[in-house]
1. Which FRET efficiency value, to the nearest 0.05, is calculated for A:L56 and B:R143 with the Förster distance at 35 angstrom and r the Cβ-Cβ distance?
2. On a full-extension model of 0.36 nm per residue, what is the gain between A:D25 and A:H8, subtracting their alpha-carbon distance, rounded to one decimal in nm?
3. In the protein assembly as shown, what percentage of the DSSP-assigned beta bridges are antiparallel, given to the nearest 5?
4. Whole-Å semi-axes of the protein assembly as shown's equivalent ellipsoid, largest first, each the root of 5 times a Cα gyration tensor eigenvalue?
5. Non-local amide H neighbours of A:D34 (under 5 Å, H modeled in plane, Pro and chain starts lacking H): which ones?
6. May I ask you to list the residues of region B:1-45 whose amide nitrogen lies under 16 Å from a point 7 Å from Cα along the Cα→beta-carbon direction of A:L226?
7. Counting other beta carbons within 10 Å of each Cβ, put A:L91, A:L204 in order, fewest first.
8. How well do other chains shield peptide A:42-53, expressed as the mean number of their Cβ atoms within 10 Å of each residue Cβ?
Amino acid sequence: MTLIGIQHVDKSFPSRHGTITIMQDISFDVKDADFLAIVGPSGCGKSTLLRLIQGLDRPTAGRVEFRGKPVDRVCAQMAMVFQSFALYPWLTVAQNVAFGLEALDWPADRIATQVERYVSVTGLDGFQEAYPRELSGGMRQRVGLARALAVEPAVLLMDEPFSALDALTAESLREEILQLWTDPQLPPEAVVLVTHNIEEAIQLADRVIVMSRRPSHVLAEVAIDLPRPRDRKSPAFYELTDRVYSLITEGGTPMSAPPEGKPAA
Amino acid sequence: MLGLLVLLDSHHGSEDVALLADDLDLEIDEIFPALEYAEILQFVKVSDGRATFTDLGKRLVAGTIRSRKAILREQLRRTTLFKTLVRALEGAPEHQLSDHDLGQIVSLTTTPSEEAVQNIINWGRYADLFRYDADSHRLLAVRTPAAAKTGGGKAPPPSPPAGAPPPSSGKRAASPPAENPAAKMARASA
């Protein structure tokens, strides 16, 4: 079932120097049980695309649909995890996790139970009363994750969630995301991950959308058919990394498009 | 530390330390603290520049978010520092220790820098060995009902912040008594 349909989306911004077109004619779907990654060079609009998907911003042309209906406001069935964690420093961990639920007008006792559940599931037990300043980067991102999962979104959006973390912490968090993802009792139904780390995309996702330089279009959708957990050193993994990397650096010729009329990369 | 164990797992459980670091484009000294904790807690053995999982380490990394917490708790509990902290809390008035007391105890095993103390607090909280109230700056014992509730709760292994090692002095002494860790684990798992 298609959860999200992105159909011929353009996005431009007005500026002093005229209109800046970030992306053009972006089309792809996100289906139930998809773990989708979006990669591409800096400035190609990956984060903007996530905002368009969630309804934080509107496309200049084209449509974003969620379960067949246009996304014309912030979609409550999606939740975002941010690179910079975006926690409220004056709230405790439990209060931060509860925040999205309060906005949904849930009764207090239901919120408390839900917070407990997702605090526990993400390993934040023992930190409920802690403030963000007491926490390491990895722990803060777990709070971000717990907060997003607590609203039980259909789609989890992640905008460079591991970029602000040191390499070892990122390693453990990626593994935890996969544990949570493969637990059928937990939300979400689909994940859209934006990352500049190609290996990370291939390690985690079922499909990688490769975007070109700005004004960006979709260069390719690369299917990752490897069983998880994936061995980063396997020939198949290398081959996929190479393929995605070449697409990005060569930048011009979509692999899936017919060759006629297009210059060779 | 957990990230290092996940990384080692992706290298099939045994690897040259230099190559581990290389995999994530790190310098060896950047993975050293994590490696040190992993050794202290008996999840890996390092010899001749090579890190290898112990059985406990393999079990930790193969486990779920929930089971990892339990294993980590058991290993931390055996270290001089955390044993001392837990005992101190048991004996303290209202089962609370001030920041000052905490600093004194920490200084028995390592330099009580702000970062080190925060790390220690977070390791202990994570492993459900104690609680901390940042508003009153007090370490608190985990009460039995809470301990029963949270000790059994699922929890992912939040990589305790790489910083000062939990128990550094008596690092060698902290190697638990000769008892087979696996046997202890088996008894400890509720």
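1. 0.25
2. 5.7 nm
3. Expressed as a percentage, antiparallel bridges in the protein assembly as shown total about 65.
4. They are 42, 26, 18 Å, listed largest first.
5. Residues meeting the criterion, in which the H sits 1.01 Å from N, are A:V191.
6. B:7-13, B:23-24
7. Sorted ascending by nearby Cβ count, the order is A:L91, A:L204.
8. If you average over the peptide's residues, the count of other-chain Cβ atoms is 0.
Readers should treat all values here as calculations from the given coordinates under stated rules, not as data from a laboratory. Predicted model, so just to flag it, every value in this text is computed and none were measured. Cβ sites come from the backbone with ideal geometry, for glycine too, and all protein chains shown count toward neighbours.
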